[in-house]
Structure formats: structure tokens, C-alpha cells
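Undergrad: The structure is given below, and queries will be raised subsequently.
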Amino acid sequence: MFKINEDYLKLPGSYLFSTIAKKINAYQEENPEKALIRLGIGDVTQPLAPAIIEALHGAVEEMGNASTFHGYAPDLGYEFLRSAMAQNDYQVRGCDIKADEIFISDGAKGDSGNIQEIFAKNNKIAVCDPVYPVYVDTNVMAGRTGTYDPQTEKWSDVIYMPCTKATNFAPELPKEVPDIIYLCFPNNPTGSTITKAELQKWVDYANEHKAVIIYDAAYEAYITEADVPHTIFECEGARTCAIELRSFSKNAGFTGVRLGAAVIPKDIKSGDTTLHSLWARRHGTKYNGAPYIVQKAGEAVYSPTGKVQLKEQVAYYMNNAKVIYNGLKEAGYTVSGGVNAPYIWLETPKGMTSWDFFDFLLEKANVVGTPGSGFGPSGEGYFRLTAFGTYENTVAAIDRIKKA
Ligand code: PLP
């Protein structure tokens, strides 16, 4: 008789986006004439850049020709892409990361969920609160988080690091020492970042306690300020304690194309065993690689034309971020984020809950955003708007919010 993985049953329902969808549907049924503007989900809206399209077409042509056809990709990914990443994302910044320390994948969501597999069940994880939900949920599935308290919305065996206004939406070093620390900067959902000096403290702390940092750099391309690190490997000592996750979703619009990478330096060891060797084993056994066509598109991200076009695309979204940030400030809201990230985090007015404010914006401004409480208890009283809409919709949404 088969038995299910009962840890899955412990997962509280993910009500956030389904509740949002239900509320939108109900509102639209009653008000079919109202055109909603959606600044809720963190998905891009601009088409793929011409350099990417050209690379995709070229790779498709290759696949149609016996002499240039490609079957299974190498386990770690194609050398041309790993080398482009090693050089452009790391070596030009003076970071010692080699191409064979980069594992190409189909995105940071899978990697951030799967990476926990190479660690023992009795590791204790620490996460920011609020947080991208994948880190906690995948540890729940693996039976690593203890019991859930619906009152506090917390797991007994997870260390929560509140990221509140008082801490500038950054975590503080936890008092109880974790084994695995999840960090994400620029942050989803708060749009906050930390300086290189602050990140260095985390690297020193992890090395001191023999902990591992899983550093999600999915929004790296949105950094505009000089003292914000683009990779954790800018910090001294990160090679012995940090894994970095990269995504092509937000810097190049690959949310529907799918491409990412996990960077695991060969210096992170438990005894004689490297985490690199465990992930290589895992990758080789469970994963057959991102498609050749997509990896060629990824290579084009690093071409001179690709870089120019994608810089423009990111600037387009960051201009939206500015419109949202400045518009909300003018309207009297307390806002943060939006400077090094495509997310604007705003305090709900007059003590409204995150969901009250969701209903208010939906009904009075016909604008959809995401309640902060959906990302963790410390998100209550906050609301996330994204800069990933079109410019026209963004301007119209802010206009409506101001009038509401
Ligand atoms: N990590 C964070 C923090 C995210 O916000 C997201 C998507 O929104 C992802 C990872 C997913 O990235 P990918 O599309 O590469 O799977």
C-alpha cells in the first residue's frame, strides 16, 4: 500500500494569489464595465529583446539541421553560457567564480526549492519575514520545519528574521544560530537591499558558525546604487559559505522562456565533501538540462547588443517604479523599495490591514496589488505594487490611486 509524504499535508493552503483571483472575479462579475489595472503579480510584460529573438531563431535553425542538431545538454549546462556568466556576472566584478562552479537550470524557483535536498533533515533554516514563500514551503515538504501555528502563522523549527520599518526592511543577525540562511537582495516583496558592508557581516557570521547562505539574486539587474552588491561573491570569504541563485526572468524577460543558474563554489565543504559535488550528483541524476535553444538565448543576454537592449528594458520598468514611488509619495503614502528593485512596498493608510487596502484599491481605484500579509506576518499593514506593468497602465494606476 502506498503512503503519501505527509509533510505535504502540513502546508497551509496558499491562499494569496487564489484569494486575489477570486476577489477580482467576483468584482468583475458585478462590475463588468470596469477595466482593472493589475500591478500585483511579479511577471514581466515587455516582449523579448530583438537580440534574444535572433538567438532563438538561430538556435531553432541549428536544431533543424543534422550537422548542428543538439540532443541532451551537458549536465552542468553548455560551456558557452557558463563561461559567459562566469565572466560577465563574476570575473568582471573581481569575483573568483569559475565556469565549472555554475549549474545551468530552468530558473531560480526550482533551484531555490530543490537546493534544500542536499542538506540533512535536521538543519535549521532562517528566513526573512516577509519572504518569497518557496524557501519555507519546500522545507515544509522536506519535513524540516516542525509544526505550524495558525495563530502566529509561523513554524516551530524555523528562525524568522523580521524585516520591518525599524530595521529598514533588512534582517538582523539572528540570536539563535541557523544552519541554512536564505537571503534575497534586492528583495521580493519589500524591494529593500543591503550594502556590501552589511552583506559582509552575514558572510562573516556564516563562516564563523559554519552555516550556509542561500543567496537569491533574481533581481540583481535592478540595482542602481553603487554600494549595493550585485553578487554575494563580492564579499570576502563567500566562497566558503555561499550558494547564489541567478535567474534570467527579470533581467531578460525569461519568465516564460525559463533559464537560471545555481553557483556553488568548490570551497564549501562538510568534512571532505563539497556541496558542489552533491549538487552535481543531484543535477546529473534528476535533471536533463535547460533546452539548447534557451541556453543560446541566454548567451545572447551577454552579447554587446543584448546588454544594451536589456539595460533599456530594465530602465523601462525602473521608470515605472519611479512613477509609482513618486506618485504614492505625492499622494501622502509612506513608501519604500523601487530604487534598486521593481517592487514598491507601501504602508497601508489609517491602520488598514493589507487585505482591507486590497479591497479599497480594487473597488475605489480598480487597481490590483498584493497584500503584504501574504508574504509573512511582518508583511501585515503593507502592500506590494510591481513596476512590471506597461508605462501607460502604471501612470493610469497611480492617477487612479491618487484620486481614490
Ligand atoms: N526568486 C525570487 C525572490 C522571486 O521573486 C522569483 C519570482 O518571482 C523567483 C526566484 C523565480 O525566478 P524564476 O522565474 O527564475 O524561477
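The values are calculated or read from the model by the stated rules, or taken from the named source; none is laboratory data. All values reported here derive from a predicted model rather than from experimental measurement. Neighbour counts are summed over all protein chains in view; Cβ atoms, including those assigned to glycine, are modelled from backbone coordinates with ideal geometry. Heads up: the accessible areas ignore ligands, DNA and RNA and are worked out on the full protein's heavy atoms, side chains in. Shrake-Rupley method; radii C 1.70, N 1.55, O 1.52, S 1.80 Å.
Undergrad: Using θ = phi - 60° and the Karplus form 6.51 cos²θ - 1.76 cosθ + 1.60, what ³J(HN,Hα) does each residue of region 226-233 get, whole Hz, x for Gly and Pro?
TA: Per-residue couplings from phi come out as 5, 8, 8, x, 8, 8, 5, 6 Hz.
Undergrad: A further question on this structure: Give me the tail of P(r) for region 203-272 as a percent: Cα-Cα pairs with distance above 20 Å. Numbers along the way, then the final one.
TA: Numbers: 885 of 2415 pairs.
Looking at region 203-272, the distances longer than 20 Å represent 37 percent of pairs.
Undergrad: So for each of 319-325, 132-138 I average, over its residues, the number of other beta carbons within 10 Å; can you give me the resulting order with the highest mean first?
TA: Values: 319-325: 22.0, 132-138: 19.4.
Ranked from most to least packed, the peptides come out as 319-325, 132-138.
Undergrad: Only sites in a loop by DSSP and with at most 16 other Cβ atoms within 10 Å count here; which GluC sites (Glu not before Pro) in region 217-313 make the cut? Could you put the intermediate results ahead of the total?
TA: Numbers: sites: 220, 225, 234, 236, 244, 299, 312; in loops: 225, 236.
Those satisfying the criteria are 225, 236.
Undergrad: Here's something else I'd like to know. Sticking with the crude label model, points 7 Å out along Cα→Cβ, report the distance from residue 400 to residue 352 in nm, one decimal please.
TA: Here the answer is 1.4 nm between the modelled labels.
Undergrad: In debye to the nearest 20, how big a dipole does the chain give about its Cα centre with +1 on each Lys and Arg Cβ and -1 on each Asp and Glu Cβ? The partial results should precede the final answer.
TA: Values: 39 positive and 48 negative charges, 65 e Å.
Dipole magnitude for the chain comes out near 320 debye.
Undergrad: Roughly how many debye, to the nearest 20, is the charge dipole of region 286-367 about its Cα centre, given +1 on each Lys and Arg Cβ, -1 on each Asp and Glu Cβ, and no other charges? Kindly include the intermediate steps, with their values, before the conclusion.
TA: Values: 8 positive and 7 negative charges, 73 e Å.
Dipole size: approximately 340 debye.
Undergrad: For residue 63 and residue 93, calculate 0.36 nm times their separation in residues minus their Cα-Cα distance, and state this gained length in nm to one decimal.
TA: Taking 0.36 nm per residue and subtracting the Cα distance, the gain is 7.3 nm.
Undergrad: Right, another one. Can you tell me the convex hull volume per residue for region 270-357, based on C-alpha atoms, in Å³ to the nearest whole number?
TA: Details: hull volume 19.4 nm³, N = 88.
Taking the convex hull of the Cα positions in region 270-357, it is 221 Å³ per residue.
Undergrad: Between residue 34 and residue 164, how high is the FRET efficiency from 1/(1 + (r/R0)^6) when r is the Cβ-Cβ distance and R₀ = 35 Å? Nearest 0.05.
TA: Working: r = 35 Å, r/R0 = 0.99.
Efficiency, rounded to the nearest 0.05: 0.50.
Undergrad: Which distance in nm do the two modelled labels at residue 331 and residue 72 give, with both placed 7 Å along the Cα-to-Cβ direction?
TA: 5.4 nm
Undergrad: Right, another one. Under 19 Å Cα-Cα from residue 10, which lysines qualify once same-chain neighbours fewer than 8 residues away are excluded?
TA: Candidates past the 8-residue exclusion: 121, 124, 154.
Undergrad: Right, something else. With a 1.4 Å probe and all protein chains left in place, how much of the accessible area of the chain comes from carbon and sulfur atoms, in whole percent? Mind showing how you got there, number by number?
TA: Details: 9400 of 18100 Å².
Ligands and nucleic acids excluded, carbon and sulfur give 52 percent.
Undergrad: Counting alpha carbon pairs within less than 8 Å and at least 6 residues apart, what relative contact order, in whole percent, applies to region 53-304? Each step should come with its number before you reach the end.
TA: Numbers: 447 pairs, mean separation 64.7, N = 252.
Dividing the mean separation by the residue count of region 53-304 yields 26 percent.
Undergrad: Then there is this: Let me know the shape class of the chain, please: from the alpha-carbon gyration tensor, a ≥ b ≥ c as square roots of the eigenvalues, rounded when a/c is under 1.5, otherwise prolate if a/b is greater than b/c, or oblate. Working shown, then result.
TA: Numbers: a/c = 1.55, a/b = 1.20, b/c = 1.29.
The shape class here is oblate.
Undergrad: Only Cα pairs within less than 10 Å get springs; with that Gaussian network setup on the chain, which residue of 103, 185, 17 has the largest fluctuation?
TA: Top of the fluctuation ranking is 17.
Undergrad: Hey, can you grab everything whose amide H is under 5 Å from the amide H of residue 154? Only 5+ residues off in sequence or another chain; H modelled, so Pro and N-termini drop out.
TA: Long-range HN contacts for residue 154: 149.
Undergrad: Quick one: which residues, 5 or more positions from residue 337 or on another chain, have an amide H under 5 Å from its amide H? H modelled 1.01 Å from N in the peptide plane, none for Pro or chain starts.
TA: The answer is 345.
Undergrad: In nm, to one decimal, how far is the modelled label at residue 307 from the one at residue 286, with both set 7 Å along Cα→Cβ?
TA: 3.5 nm
Undergrad: Whole Å is fine, so just give me how far the alpha carbon centre of region 133-209 lies from that of region 34-85.
TA: Between the Cα centre of region 133-209 and that of region 34-85, the gap is 32 Å.
Undergrad: Also: What pairs in 322/403; 98/322; 286/311; 165/201; 165/403 have C-alpha atoms more than 25 Å from each other?
TA: Numbers: 322/403 19 Å; 98/322 36 Å; 286/311 34 Å; 165/201 20 Å; 165/403 27 Å.
As for pairs spanning more than 25 Å Cα to Cα, those are 98/322; 286/311; 165/403.
Undergrad: A further question on this structure: Where a ≥ b ≥ c are the square roots of the eigenvalues of the C-alpha gyration tensor, would you call region 62-117 rounded, which needs a/c under 1.5, or, failing that, prolate if a/b is larger than b/c, or oblate? Spell out each step's value before the answer.
TA: Working: a/c = 2.83, a/b = 1.34, b/c = 2.12.
Since a/c reaches 1.5 but b/c is at least a/b, the shape of region 62-117 is classed as oblate.
Undergrad: Let me ask something else about it. For region 172-235, which trypsin sites (Lys or Arg not before Pro) pass both filters: DSSP loop (anything but H, G, I, E, B) and at most 14 other C-beta atoms within 10 Å?
TA: Values: sites: 175, 196, 201, 210; in loops: 175, 210.
Passing both the DSSP loop test and the Cβ count: 175, 210.
Undergrad: With θ set to phi - 60° and the Karplus curve 6.51 cos²θ - 1.76 cosθ + 1.60, what are the ³J(HN,Hα) couplings of region 271-279 in order, to the nearest whole Hz, using x for Gly and Pro?
TA: With the stated coefficients, region 271-279 comes to x, 9, 8, 8, 5, 4, 5, 5, 5 Hz.
Undergrad: Could the peptides 378-389, 142-153 be put in order, highest first, of the mean number of other beta-carbon atoms found within 10 Å of their residues?
TA: On the way: 378-389: 25.2, 142-153: 13.8.
Packing proxy ranking, top to bottom: 378-389, 142-153.
Undergrad: Right, next: Quick one: which residues, 5 or more positions from residue 270 or on another chain, have an amide H under 5 Å from its amide H? H modelled 1.01 Å from N in the peptide plane, none for Pro or chain starts.
TA: 275
Undergrad: Right, next: Any chance you could run the full-extension gain for residue 267 through residue 117? It's 0.36 nm times the residue separation minus the Cα-Cα distance, nm to one decimal. Let's see the in-between values first.
TA: Working: separation 150, 0.36 × 150 = 54.00 nm, distance 1.90 nm.
Taking 0.36 nm per residue and subtracting the Cα distance, the gain is 52.1 nm.
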